[in-house]
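Below: the structure, in structure tokens.
The values are calculated or read from the model by the stated rules, or taken from the named source; none is laboratory data. Computed from a predicted model, the values in this text were never measured in an experiment. No Cβ is skipped: glycine too gets one built from the backbone with ideal geometry, and neighbour counts run over all protein chains shown.
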Amino acid sequence: MGYSSAQDALFEQDDLKILYGNVQRPNGMVWHNDKLYVACSGDWTIYEINLEKETTRTYIFGVQNANSLFAEFDAEGVTQLWVPDFVTHELLNIHPRRRPTTVIDRGLAGAWGIAFRDEGQFLISNLLADSIVSVSRAGKFTTLVQQLRSPTGLVLDGGVIYVANTGSVRRSIEWFTLRQISAQDQPLNATQVEHASLVQGLQNVTGLTLSADGWLYFAYSAGEYGEIGRVNPHHCRDSGGCQAEDVEVVVQTALPAPIAGLTLSPDGRLYFHSLYKPEIYWLQLPQDDRQQVSVERQSDN
């Protein structure tokens, strides 16, 4: 098995637990309210897995292929989803009491990642257009960042954007600030930003997710297998960028890369799967002392 770091992994394949969700070709997943929402590319359906009862039900039909989802409560306390469809290049609003609503059907090209920006807007990464755009709930969009390298996973931490470039080992994960972007009259050219590198030296980085205590988790390839690692993003930024050897390997799997659907619950349950394989894996991360990351995160915000 390929290996990206000299450190021993916290978990290996035999440590993983299997969640039997009865989803044949899962892709994007998101945890919300102790339920896992899973997009299935095989039957264009999003499923809701009740993690307490270990039951699965159809949530909605009509999403062809989603790599990321954002979940929230509506005004009545009902879970709704915001889903970028990679195939149709649309942003969809999914509500269980009505048909899917197309929020935007232009300006997206291979929409992959989604992050909540504020009450009115989302950030979306366009893998095929090498860009990040801001999309309002009413469908207005603005291009914020250009000249990325096949961007996938996307996270917004306060005013800082983290984005994975699956098309570049040298630019594995990069970071930009909303302040930088707002100071530009034109979309920010990522290749012209000094010290944009957060992590270098990783292959095919896909999902990104931020833990409640501020660690950045990400899935990537180690040879033909998938791994999950993490860094303290504040340390990486302050030091001018981290290298592969600085990555703490969390999970070293025997699963074929790429790892997909990476999502975290607030209490540290990590969920993921191998792309389009039916088994969904999970583990409980150790609840050790990570307060320093939280302090740094608050100081940035």
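For (1) in contact with a strand residue (DSSP E or B) (Cβ under 9 Å, 6 or more places away or on another chain); (2) within 25 Å of Val30 (Cβ to Cβ); (3) modelled with pLDDT of 95 or more; (4) crowded, with 24+ Cβ neighbours inside 10 Å, each residue gets a yes or a no:
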residue: Gln203; (1), (2), (3), (4): yes, yes, yes, no
residue: Leu210; (1), (2), (3), (4): yes, yes, yes, no
residue: Trp215; (1), (2), (3), (4): yes, yes, yes, no
residue: Tyr220; (1), (2), (3), (4): yes, yes, yes, yes
residue: Gly229; (1), (2), (3), (4): yes, yes, yes, yes
residue: Ala244; (1), (2), (3), (4): yes, no, yes, no
residue: Glu248; (1), (2), (3), (4): yes, yes, yes, no
residue: Val251; (1), (2), (3), (4): yes, yes, yes, yes
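From the list Tyr47, Tyr59, Tyr37, which one is farther than 26 Å from Ala257 by Cα and surrounded by 13 or more Cβ atoms within 10 Å (Cβ to Cβ)? Walk me through how you get there before you give the answer.
Details: Tyr47 fails: farther than 26 Å from Ala257 by Cα; Tyr37 fails: farther than 26 Å from Ala257 by Cα.
When all the criteria are applied, what remains is Tyr59.
Just so you know, in region 3-26 the residues that are out of contact with any strand residue (DSSP E or B) (no Cβ under 7 Å at 6 or more places or on another chain) and not aromatic (Phe, Trp, Tyr) include one that is modelled with the highest pLDDT, and it is Asp14.
Check region 247-263 and report whether any residue there is more than 17 Å from Ala9 (Cβ to Cβ), among the polar types (S, T, N, Q) and not in a strand (DSSP E or B). No, region 247-263 has no match at all. Quick one: how many residues across region 135-191 are loosely packed, with under 14 Cβ neighbours inside 10 Å, of a type outside the set (S, T, N, Q) and assigned to a strand (DSSP E or B)? Total satisfying the criteria: 0. None of Pro96, Pro100 is closer than 16 Å to Gly28 by Cβ, of a type outside the set (Val, Ile, Thr) and at pLDDT below 95 except Pro100.
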